[in-house]
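Input: a single structure, listed below in structure tokens.
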Amino acid sequence: TFKFFVSDKSRVTVDVYNVAGEKVARLEKTGCPAGMTSEIVWHIENIASGVYVYRLTAESSSGSKTITKKLAIIH
């Protein structure tokens, strides 16, 4: 589960890449409320264990912000 906090009502996308740079998932949520924690659930049953990079982008009327981080999946 990706949990995040936005300061303006936003559309949030999470793109997940494997270490070879291939996109393995795209998750989206619209209408994320300002000032509250929101979450996007990623069902990883069919995703191999390993290290992945994700890019979370929040787009609102005041602009956009992107963060990039790593995550590990261990089954």
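Considering Cα pairs under 8 angstrom that are at least six residues apart, work out the relative contact order of the chain and quote it in whole percent.
So the answer I get is 34 percent.
Considering only protein heavy atoms, with the full assembly of protein chains and a 1.4 angstrom probe, order Ser60, Ser49 by accessible area, largest first.
Ser49, Ser60
Send over a whole-number figure in Å² for the accessible area per residue of the chain, probe 1.4 Å.
Per-residue value: 66 Å².
Where does the longest stretch of the chain lie that holds no GluC sites (Glu not before Pro) found in a DSSP loop with 12 or fewer other Cβ atoms within 10 Å?
Maximal segment without exposed cleavage sites: 46-75.
Going by accessible area, probe 1.4 Å, with all protein chains left in place, what is the ranking of Thr13, Thr68, Thr1, largest first?
So, going from the largest accessible area down, we get Thr1, Thr68, Thr13.
State whether the stretch 22-63 is rounded, prolate or oblate according to the following rule on the C-alpha gyration tensor (a ≥ b ≥ c being the square roots of its eigenvalues): a/c under 1.5 gives rounded; otherwise a/b larger than b/c gives prolate, and the remaining case gives oblate.
Prolate shape, in that a/c is at least 1.5 and a/b is the bigger ratio.
The values are calculated or read from the model by the stated rules, or taken from the named source; none is laboratory data. All figures in this text were calculated on a predicted structure; none of them were measured in a lab. Every residue, glycine as well, gets a Cβ built from its backbone with ideal geometry; the counts of neighbours run over all protein chains shown. Remember, those area values only see protein heavy atoms, side chains included, never the ligands or the DNA or RNA. Shrake-Rupley method; radii C 1.70, N 1.55, O 1.52, S 1.80 Å.
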